[in-house]
Amino acid sequence: MKVRYFPGCTLKNRAKDLDTYAYRSAEALGITPEEIENWQCCGGVFTTARDEVATKLASVRALKDASDSNLPLVTVCSACHNVIKQTNHAMQTNKEFSDKVNRYLEADGGYNGEAEVYHYLEMLRDLVGFEKVKERVVNSLKGKKIAAYYGCLLLRPHKVMRMDDPENPTVMEDLLRALGADAVVYARRNECCGGYISVESPDAAKKNANAILENAKAAGAEMIITACPLCKYNLVKNGADIPVVYFTELLAEALGVKGEPNET
Amino acid sequence: MQRVGVFVCWCGSNIAGTVDVQAVSEALKNEPGVVFSANYQYMCSQAGQEMIKTAVKEHHLTGIVVCSCSPRMHEATFRKTAVAAGLNPYMVEIANIREQCSWVHKDVTAGTEKAIILGKAAIAKVNLNTPLTPGESPVTKRALVIGGGIAGIQTALDIADAGFPVDVVEKQPTIGGKMAQLDKTFPTLDCAACILTPKMVDVAQNDKIRIFSYSEVTDVRGFVGNFDVTIKKKARFVKEDVCTGCGACVEKCPMKKIPNEFNLGMDNRHAIYIPFAQAVPKVATIDPDACNMLKNGKCGICSKVCAAGAIDYKQKDEIIEETYGAIVVATGFNPISMEKFDEYAYSQSKDVITSLEFERLTNAAGPTAGMLVRPSDGKHPHTLVFVQCVGSRCESCAEKGKEYCSKICCMYTAKHAMLTRDKYPDTEVYVFYVDVRTPGKNFDEFYRRAVEEYGVKYVKGMVGKIVPEGDKLKVQASDLIANKQLHLDADLVVLAAAIEPDHSARPLATMLTASMDTNDFFTEAHPKLRPVESPTAGVFLSGTCQGPKDIPETVSQAGAAASKVIGLLVKDKLTGNPCVAIANELTCNGCSSCERVCPYGAISYLDKEFRMPDRTTKIRRVASVNPAVCQGCGACTVACPSGAMDLNGFMNNQIMAEVDAICK
């Protein structure tokens, strides 16, 4: 099965692991991710100003590309996914916004939110199926105590993202179990890592990151997985003493397609 | 040919504002059969009705069309007028030109045109009307109350007080319901048991009331005045009429680690048990899933110690069949499961409890004899956090909570907080709320006392997360008024869980063909004017099965339901609805399609002899409708492949004539 794939800027720089292993794993699971040609930055943050158009145009282009090729659009970075999914929702529900965007884009046929957007985790759950993932595991992660860290952007706002219960999510734990690992469930798995506040007020970010790390370790975690480059940055920078890796890396390892590491 | 009179109502400006009533009565004058047409300001008024009566006499009318409001509003009125004028009441047709026309249109031209069309359709129909005569059915003077909580108890007592026999069916081993589990009641703080248990005793001692405890309704057939009900009395392995409730069996039972439902699993009971000291009936019940004797035949101690010889390990479920004139639903509520709200760590810490568990924890007859301690370590809690609206008013999380307000939580939380501060002045008590809703007699005064006299700290904002760390519960919340995040270390957290209808309500509603809303609360016949009646005739609603309610409201509604039941049971006969299905035996081929779709079980089959054209005799299977059971829903007329089923008052040819008139 083919999907259109939107990697995002960070995945071509600091978060190469997230990208590379997503590719390798997808292929091992029979999915062919086709990277959208000339994709541009998603905008980074979905601005809540309803009349703001310019920062959302790149997302619309990616969405239109998927819609034109009649394939689902798959993203893997939490932040990109959040922006693209929210933009798509705005295109579906806010006529004034979509009219304005379409006037800017002047694209053939216009675009009104027809594309289907999947996060890579949703793709694994809904398009591939965790049962199938389980069947393809060659290096089981049996005995490894791994905690999933969701952060904020992956699941919120729930009304738009519609991925999992933002307060009691299970999708990453279900993935961990499919890979054979012991999923460590801990309370702070959906708390904010500090996000961009680490630029302005590093202490505040440090406090948040530490609370998350301590809570995960107290619950017995030996490793943390995440889908978000910024979450990983904050956890690692603020002194994580257990490994923090992207979920795709763990997936590739379990599927036996990890191969050569990226040069970073 | 009918002689039809048309009466167009203005309904003040309700109709006349958007419909040119003069034009309507003029236009309808020339319809087939119409010999008289007029309009008037208020057709339902005394003068309007007189106008109809006079016209019937002067113009020898045989049919009446009233263009007015919905037939739900005034069809009965105009039928009475027809009777007073000497006509059969079913010779009246209503064209709804208010709800379905003037109220929904703004343009007078379009509104008038539509009103004329609706009038034409009614005229086409009344031309084909035939006089109908309703049958009569007797009323069985006995009521059934389903549910033995405070709602069912009050309804049963009130019906019995009027002299009618009542049966109460309760699925638990004792009546009493949720109220029996409560500690104190707001806003007067009298003890729940002190006011409830005398009523339970009254029920037990009333010779008009029979209690079927540990029993369930499994089937309901029939109709208002004559419901045939099957009740399954589950085997309790104890002879109810022999057991004295002495409790010797309970003391000696070796299986003593069974979670006690009455205390919400906060302590244990034995395999043979009496739920609580004031249980009614006060007889023991054996839990078949826990009893060694019933599971593998090894034990039998309770039988040996029972001086009365009441233990019967071979007891079987008993099926009781009884006929009732009226049924009252009083199935009550339950707090929702906290499973989907694990952000509050209910499954992670024993010290996060629900409000109902808090009631047991502070109840003198509860698992701690009323000592407020942490369930985890038995220590006295110093900081308590109450979280309101857990699962209530969940607009953004409807898939895990409820969109409605559970109504009782604000008041019982104020009560819990106040009583905690009163009994343990060393405590710090926080209440997190979305809104504080206290409309009720002396309710707001009560809440203010909690804040002003007892120093309960009310914080507007929701708790976002509770993290158990060490022996503390880290509470993360927002204070919306101070606009800041709060972090508290609590010893005990109490969740005000939303309430939902008992799970037995949905299958019961199906048995009763009583309607429910999307939240599984029973629907009332009219939200304002018929609040204790179900739209299904003979089925009445009492207590929280109809919507969240506190005790005073439940008791008022229970009394109201009882008075409606009494009003029904004093009648000797009920006039039926003549608009029932009829089968044309000549075209019926006995295929059973109609029987399968009939929700009331009104259709059966007869083997009937028919004379064939060649003078032979043939026995054919044909449908036969019981007019006393048929509710006139019309499902069979649609299902019948040969068009043999028809509905009095809504005959196929009448409906087609209406459609033709509209499409002309």
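Here the label points at A:PHE130 and B:ILE481, each 7 Å from Cα along the C-beta direction, are separated by 4.3 nm in the simple model. Between the C-alpha center of region B:254-289 and that of region A:64-104 there is a gap of 59 Å.
When only alpha carbons of chain B are considered, Rg and Dmax amount to 31.2, 100 Å. Looking at chain B alone, DSSP beta bridges between its own residues are antiparallel in about 55 percent of cases.
Look at the alpha carbon pairs under 8 Å that are at least 6 residues apart: their mean separation over the length of chain A gives a relative contact order of 21 percent. For a test of the definition: using alpha carbon positions, the gyration tensor, and the 1.5 limit on a/c, classify region B:258-325 as rounded, prolate or oblate. Oblate shape, in that a/c is at least 1.5 and b/c is the bigger or equal ratio. Inter-label distance, B:LEU128 to A:LEU105: 5.5 nm, where each label sits 7 Å from its Cα along the C-beta direction.
Take the Cα of B:THR188, step 7 Å along the line toward its Cβ, and report every residue of region B:409-442 whose backbone nitrogen sits under 13 Å from that point. Under cut-off, by backbone N: B:441-442.
Taking the Cβ-Cβ separation of B:MET1 and B:ALA162 as r and a Förster radius of 51 Å, what is the calculated FRET efficiency to the nearest 0.05?
Numbers: r = 52 Å, r/R0 = 1.01.
My answer for the efficiency is 0.50.
Backbone amide hydrogens, once placed in the peptide plane, bring A:TYR5 within less than 5 Å of A:GLU34, A:GLU35, A:ILE36, A:VAL74, excluding anything fewer than 5 places away on its chain. Distance from the Cα centroid of region B:130-193 to that of region A:1-41 is 65 Å (rounded to whole angstrom). Across region B:253-281, the residues whose backbone nitrogen lies under 20 Å from the label position 7 Å along the beta-carbon direction of B:ASN292 are B:253-260, B:268-274. A straight line joining the Cα centroids of region A:172-230 and region B:399-459 runs 35 Å.
Run the numbers on region A:138-255 and let me know its relative contact order in percent, using alpha-carbon pairs under 8 Å that are six or more apart. Please list the in-between numbers first.
On the way: 191 pairs, mean separation 36.4, N = 118.
Contact order relative to length: 31 percent.
Between B:PHE650 and B:LYS316, the contour length at 0.36 nm per residue exceeds the Cα-Cα span by 115.3 nm. Fully extending the segment from B:LYS664 to B:ARG530, taken as 0.36 nm per residue of separation minus the present Cα-Cα distance, adds 44.3 nm. Based on C-alpha pairs under 8 angstrom that are at least 6 apart in sequence, region A:2-120 has a relative contact order of 30 percent. When each of the peptides B:165-172, A:202-209, B:137-144, B:616-623 is scored by the mean number of other C-beta atoms lying within 10 Å of its residues, the order from highest to lowest reads B:165-172, B:137-144, A:202-209, B:616-623. Label-to-label distance, B:ARG448 versus B:ILE301, with points set 7 angstrom from Cα along the beta-carbon direction: 5.8 nm. Set the Förster radius R0 to 22 Å, insert the Cβ-Cβ distance between A:GLU222 and A:ARG177 as r into 1/(1 + (r/R0)^6), and round the FRET efficiency to 0.05. After rounding, the FRET efficiency stands at 0.90. Ordering B:PRO641, B:ALA193, B:ALA143 by Cα displacement along the dipole of chain B toward the positive end leaves B:PRO641 in first place; charges were set at the Cβ atoms of Lys, Arg (+1) and Asp, Glu (-1).
Ranking of B:THR81, B:THR362 by neighbouring Cβ atoms within 10 Å, starting from the fewest: B:THR362, B:THR81. The mean number of Cβ atoms from other chains found within 10 Å of a Cβ in peptide B:333-343 is 2, as a whole number. Counting only Cα atoms, I'd like the Rg/Rh figure for the protein assembly as shown, Kirkwood definition for Rh. Value, to two decimals: 1.04.
If R0 is 35 Å, the Cβ-Cβ spacing of B:THR513 and B:ASN589 corresponds to a FRET efficiency of close to 0.80.
Every number here is computed from the coordinates shown, using simple stated rules; none is lab data. No experiment lies behind these values; they were computed from the predicted model shown. Neighbour counts are summed over all protein chains in view; Cβ atoms, including those assigned to glycine, are modelled from backbone coordinates with ideal geometry.
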